[in-house]
Every structure is written in structure tokens, then in C-alpha cells.
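Before any comments, here is the structure.
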């Protein structure tokens, strides 16, 4: 008898608890819904504001809809998750092939700032010629920072990853050195540390006992044996409000760097509308047909300002990193 | 009863002769040299190999693919012959199971040799991402090892019990171990029922696992954009190739064991005849997929693809390519169609050619593709345009092959290579059959 009593009480408590929980959840839901419904009528102030869109048309918007936009502050750039990226940004690059004459200043700057001392530079300037009858041209390549990166798909440990701001970076502390990403990348942009990298001052400093932790945001500082490296679009420079090293180093203004959301790119001298630039100059991307959606655009080598032959002087077929004498 | 005694005497594991000792110690020496080379690779990094940023995979990977392919022999012979009620399989299944286990274990080890950071092996589990074909491999290879082991072990239990009795006086130490491993097998009805059922489950399981293993191996390549790999043909191509490598290895190993252990009465000409036909079937199937993979694409090959095919047909790799196709595939399948070549010695020679061809075939799948990327190869040292394995790579790869042979040797030394119990039962049945008929 006593037993039965306790079980029925337990049942009652159990049921009561469940009913209470459901009511509570339902109640919260209803109030939320109600507040949403009422908010719309409440907030409409009746006051209209005139605004101009990016393509120049004037539109009217209720003033209550207009909210002050957050500017990208330095704080934003500094305090972000390394794997998430800098909020509300989408970095792109435009490379104007009409201006490139293989001066290789970009490569030298890249090698210097990323302490690249191996045999394969991350930034290459290819001597290209589609067929015998067509004109040769110089084509600088960086990592394409694809929106559908093949390398990220195949990485078994999430060492290489895609960020919301468009960058594809590598966590060299996690990479297991299987090189599947290198096999997957159609742009052959990835470079492997086959041996202990000898990075000059960096290695020297580490030998002196200085602690250095590699960060995906400054690739090559330091490079780690048995892991993959590649162009990182220089987020360390972006954080300081600077352009990537190749952009600033180029004497011919070949590289434009910018933000797709802001629809602007700059090569340091001039700042242009990205969409207009690509439309006017027939911008394209490398191997568009593969569907990798690169973040690097090219402007075709037409109406050239430079002579192709001028570049031959710097061209070295078997070298991309200068070796100390 | 006397019959049974000779059977036991014939089939029970025997000590090595002089030749066996020489064989085993040479394998050990090769392995030790390989381990030294591997330690050197660990210290210096993979710079000791001839792999570089373009030829980013080399013989470690093609050797891995070879081991994976060879391990398919377990699925083919044991499971398929079992399900199709081919009773002639009895004396060869255990050897097939042993090869299978040795190959898949070595596949697991070889793939780790290719990892530049084996110290971060655990990342594969800690940070595993299911979309990567490597993670699929991490799942399927241990599964295959486990299932291959069980496929060898379950049918072995009654034999172990027999050996426990057999070695009681001769070698108490061995007898004790056989006893432990036989799991108190008495041969009771209940035990037999469990054993039969377990074997049946494993024999069926090994078929999908074998197919998945081969296919995942193919997907390691076909999930990239690379010319020569990006092909929907890859899965079936790899499965049929594994069929060839596996049966080729089986023929070769069987010949050697038969000679050394003098098992002519058990592994008869009938078995070689059957295996010969089996190998023809394998080679023709593989040839069919090779035609699909290399010949037919010529008609619609894009520029890059054409360069790749030219390189194989008439270019830098043409000699190797045709040696492998003609010597390792076409000639074996033609020759073995004639009965007079389906004899032990010719079969051994052909089997060897098939196995060697299979090994180089994997090299031809991996290397040429990597040296033809979409972008031109520029700005790197001239030597990076080519690939041929370095001494370290050869020593380490030879050591892995030796290790596989050592595993086979050790298992052959301590296990009955021909199922004793089953053979006895079958002979009994045969006798009864004759008695009743006459």
C-alpha cells in the first residue's frame, strides 16, 4: 500500500514537472512571437530618409530601418578568432597582367617577409603562352584562396581551413604532412618543408632560445619541418591596416587588394570599384571551369604598358628563391 | 587412423631447414637496414627521399597501394570461392588468408612511413574530418586488419587444438601456446555451431570490406582534379587490379610453400589449373578497365590529358608502361589460356611477372600524373621536374616488402598452411563416398 502511494506521488510529480516545462517553453515562445509582431508596427516612425545606393540610384527608407554601421576598427582586426577570420570582410585580389613585366619585386618581398629560404617560392611569376600563335605574357600567382578550396576538402585533420573573410590558411602545428592538399590543389601553389627549414634570422633567434609559435596568420614565422606552407594573403599586414607585401612591393601597380563587400580594391596608388574594374577590363579567374571559385581575379594582358621582352632579363627557369652567395 | 597420422605429419608446422634460416635472416637484415634508413628519414626529414613539391608522392604511396591491392586476395579466394561452393579451395585458403593479413598490416605501416609528421598520428583521430578520403582510410584499414585476422583465426581454432595434442611431447612450449590459442576447443557440437556461424559472418563481411577498401584507395586519387586521377573509372579499375595482384601473389607463394613443405599430395596440379584460369579471368578483367582508362580517352582527350597519355604510350614512361601492360597482363592472360602452361613452374614464373608488374603499375599510376600539373613547372630546380626513388626510399620500401614476407614466413612456420581438420574431414567424406558407391 505504501509502495503504491509513493509511485503515484512520483508519477504526479513527474507529470507536473513535464506540464510545467512545456508551459514555460510555450509561454516564452508566445511572448517572443508577440513582441516581434508588435515591434514592426511600433517602430515605424513614418519618417522617410533618402539614401543613395552604390550604383547611384536614390531610394527611400524608413528612418527606423537605418542603423549606423560599425566601422572596421582596429579592435575588430585584432580580436578575432583565427579560424573564423576578420568579421564582415571578404578579401580579394586583382592581378593586372597588362602591367606585369616580371620585375619580381613581389616575389623578393614575399620571400623576405615570410622568411622563405627553400627552393620553391610561394609567389610565382609564370612565363605563359597559351599557344604558339598567341602572345606570351607574365602571370604572377599567389594562393587563389578559393571559396570552394579543394585542399580544405581533402585535409584529414582540418589543418588547412577556410575562413569567413575568404582566406585559406594552414595550422602548421596540426598538419600531419600527408601532402594530400598539395595533390588536390590544381594551382600547384602549395610548398612543403622537406627538411628542417633554415630561415636565417628566424632560425638563429630560435636557436638562441627565443620561443616562436607559428600562427596561421603569419605563415613562415617560423616554417615547420614536415608541414605545408603557402601564400596566406598576409593577414598580419591587414591587421596593421597595411596591404600584403607583394602589393606594396610591386613597382608597376600590378596587384590590387581589397574587400569584395566594400567592392573596392587598391594597389596603393589608385583605389577602384572592383565590380566596375572586372566588367570594364574583362576580368577572369584561373581555371574557372573547375568550380573552385578563386578569390584572385586576373585582368587580361591587353593594351599593355610594358614589353614582354623586358621581363626575360629577370626570368630564371630553375630558381624562384634567391640563395645567399 | 594411419591415414590421419600421415596427414598430421605432413601438415603440422615444421622447423626450418638451412634454407629457411638463411631466408629468414636475410629478410631480417633487409628489415634492419630499412629501419635504419627510416630513422634517418625521421631525423633529417623527407628531404632524404627524391619527392619534392611536384612529385609530392612517390613509391611510399605506390607501395601502399600495392599492399592494399594484394590484401584483396583474402576476399577473392576465401569468400568468393566459399560462397560459390568451389570445394577445391580447401588447401589454398589459409595461404590466401595469411597473405591477406600480412599485406593489409603492411599497408597500414607503409602509409605511416609516407607521413612527414608521424608524431602527430593521433591528430587523425582527435581532429578527424569525415569528408577527407584519408579519414575513410583510417576507418577501413583497421577494420580490414581486424576482419582479415578473424578470417584467418576462426577456421584455425580446431587445427590449433589438434596441434596442441600433436606437440605435447615434442615441444611442450609450443603445445601450451597452441592450447591457449585454441580457446579450449573440444570439437563439441555447440562449439562447431558457433564456429561455423562466425566463419560464415566473417566470410560474407570480408567481401564488402574488401571492395570498400580497394575503392577508397582509388578515391584517394580520384577525389583530386589531377589529370590521370580524376576518373570515374578508378574504383572498378582498382578493384580489378587488386584481383590481379592478389591472385598473382597467391600463385607465387603457393608454389614456394608447396616445394619447401613438399605438399605435392595436397596442392595438386588441379589447384594450379584452377588458379591459372582464375588468374586469366583477373587479368582480362583488369585489361578491360585498362582499355577504359587509357585507350578510349585518347579520342576525346583534352590537351593536358593527351600530354599525359603520350608520356605513357610513347614518352618517358613508355618502356615501363608497355612492359607492365604486355609482360604483366597481356602475355600472362594469353599464355595461361593453354593448359600446358597451367603447371606449377610456368605458373610460378608468370605469377612473379604479374606481381612485379602490379607493383610497377602502381608506380605508373602515381608518378606521371604528379609531374603533369595544370600549371607549368617553373622556378624550381631542374631535378624537381623528374622523379626516381632515392636510396632511402628503396631501402625502406624493400624493408616493407621483406616485412610482409617475414610475416608470411612466420605464420607459415607456426601455423598449418593447409587446414588439417577440414582436409581430414574431406578425405573421410571421399572415402565414405567411395565405400558407399562401390
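Laboratory data are not the source of any read-out in this text; all were calculated from the coordinates shown. This one's a predicted model, so the numbers in the text were calculated from it and none came from an experiment. Reconstructed Cβ throughout: ideal geometry from the backbone, glycine too, with neighbour counts over all protein chains shown.
Would you confirm whether or not segment A:270-284 contains a residue that is under 23 Å from residue A:89 (Cβ atoms), surrounded by fewer than 19 Cβ atoms within 10 Å (Cβ to Cβ) and within 14 Å of chain B (Cβ to nearest Cβ)? No, segment A:270-284 has no match at all.
Those helices (runs of 4 or more DSSP H) of segment B:36-146 in which at least 1 residues are more than 14 Å from chain A (Cβ to nearest Cβ), in contact with a helix residue (DSSP H, G or I) (Cβ under 8 Å, 6 or more places away or on another chain) and within 30 Å of residue B:267 (Cβ to Cβ), considering only elements entirely within it, cover B:59-70, B:90-114. Of note, residue A:155 does not satisfy the criterion of being closer than 26 Å to residue A:89 by Cβ, touching a strand residue (DSSP E or B) at 6+ places or on another chain (Cβ under 7 Å) and within 12 Å of chain B (Cβ to nearest Cβ). Residue A:309 fulfils the conditions (1) within 20 Å of the chain's Cα centre (by Cα); (2) outside any loop (DSSP other than H, G, I, E, B); (3) closer than 27 Å to residue B:378 by Cβ except for a single criterion, (1).
Residues considered: A:254, A:321, A:228. Of these, the only one that is under 22 Å from residue A:190 (Cβ atoms) and touching a strand residue (DSSP E or B) at 6+ places or on another chain (Cβ under 6 Å) is A:228.
Within segment B:379-411, the residues that satisfy the criterion of being crowded, with 20+ Cβ neighbours inside 10 Å and more than 29 Å from the chain's Cα centre (by Cα) are B:379, B:380. Evaluated against (1) in a helix (DSSP H, G or I); (2) surrounded by 18 or more Cβ atoms within 10 Å (Cβ to Cβ); (3) within 21 Å of the chain's Cα centre (by Cα), residue B:311 falls short on exactly one condition, (3). Here residue A:164 meets the list (1) more than 10 Å from chain B (Cβ to nearest Cβ); (2) farther than 30 Å from residue A:311 by Cα; (3) crowded, with 24+ Cβ neighbours inside 10 Å almost entirely, failing just condition (3). Scan segment A:243-259 for residues that are assigned to a loop (DSSP other than H, G, I, E, B) and over 11 Å from residue A:94 (Cα atoms) and the total you get is 5.
Filter segment A:176-195 down to the residues that are touching a strand residue (DSSP E or B) at 6+ places or on another chain (Cβ under 8 Å) and more than 7 Å from every other protein chain (Cβ to nearest Cβ), then identify the one that is surrounded by the most Cβ atoms within 10 Å (Cβ to Cβ). It comes out as A:181. You will find that of A:212, A:208, the residue that is free of Cβ contacts under 8 Å to residues at least 12 places away in the same chain, surrounded by fewer than 19 Cβ atoms within 10 Å (Cβ to Cβ) and touching a helix residue (DSSP H, G or I) at 6+ places or on another chain (Cβ under 9 Å) is A:212 and no other.
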